């Protein structure tokens with residue numbers, strides 16, 4: 001059984017309106033200002049903010065939204081309309097009927113920052129907001145440019161290197177509920193644990209959610 005974590009991108013112009021079905025999602029406003037309308041009323045979302053949204057809603061404004069969305073089912077179930085908006089999607093081995101912890105944060109790299117070799121206690125999708133990174137993920141070495149998105153299982157060793165004066169990515173992770181309020185970072189060895197992190201994370205939210213039936 002699987003659930004799907006997908007990163008969607010939507011560029012809105014004044015007068016345009018998007019309607020979204022119920023789903024737990026982390027909505028990150030990449031630029032501009034967006035207005036969301038749902039059962040709880042209206043909310044204005046400024047640039048660089050990230051908000052947890054779960055019910056059916058309408059989105060309007062002038063800006064760009066990066067949305068990390070959790071759904072029951074698999075990547076193969078994506079509709080044609082959603083495929084056109086999808087930057088990256090990945091299946092996660094998890095019962096869709098069970099609760100899941102959705103955590104969203106932003107990670108800033110220090111100048112010349114290098115992370116210790118590490119894993120995480122769960123999977124997630126990242127997308128680079130600005131700067132440039134070199135990332136070792138398992139046996140693969142990738143150069144990551146602004147707008148590039150990537151998936152980490154958490155089980156593969158990772159090293160991130162900042163190649164710009166400043167770099168930052170946003171991240172959403174699908175975790176076991178017992179990890180609420182707890183770190184996911186796992187140093188790969190005692191030697192790696194002694195090294196400085198080289199990053200400064202800022203958490204947006206850390207909430208247990210349930211997926212609507214597919």
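The table below lists the values:
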item: Test: residue 61 is out of contact with any helix residue (DSSP H, G or I) (no Cβ under 9 Å at 6 or more places or on another chain) and part of a loop (DSSP other than H, G, I, E, B); result: no
item: Segment 138-157 - residue that is assigned to a strand (DSSP E or B) and within 17 Å of the chain's Cα centre (by Cα) and, of those, farthest from residue 94 (Cα to Cα); result: 144
item: Scan of segment 69-116 for residues that are within 22 Å of residue 134 (Cα to Cα) and assigned to a helix (DSSP H, G or I), ordered by number; result: none
item: Residue check, residue 105 modelled with pLDDT of 95 or more and in the same structural domain as residue 169 (by TED's automatic domain parsing); result: yes
item: Test set (1) at pLDDT below 95; (2) surrounded by 14 or more Cβ atoms within 10 Å (Cβ to Cβ); (3) within 24 Å of residue 65 (Cβ to Cβ) - residue 81 fails condition number; result: (2)
item: Conditions (1) under 16 Å from the mean Cα position of the chain (by Cα); (2) crowded, with 17+ Cβ neighbours inside 10 Å; (3) in the same structural domain as residue 188 (by TED's automatic domain parsing): number failed by residue 113; result: (1)
item: Unique residue being in a strand (DSSP E or B), more than 24 Å from residue 9 (Cβ to Cβ) and within 19 Å of the chain's Cα centre (by Cα) when the list is 181, 119, 160; result: 119
item: Residue pairs meeting the criteria (Cβ under 6 Å; at least 6 apart or on separate chains; first closer than 13 Å to residue 117 by Cα, in segment 132-159; second at pLDDT below 95 and in a loop (DSSP other than H, G, I, E, B)); result: 156/138
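The values are calculated or read from the model by the stated rules, or taken from the named source; none is laboratory data. These figures come from a predicted structure and were not determined experimentally. All Cβ positions, even for glycine, are placed from backbone atoms using ideal geometry, and neighbour counts span all protein chains on display.
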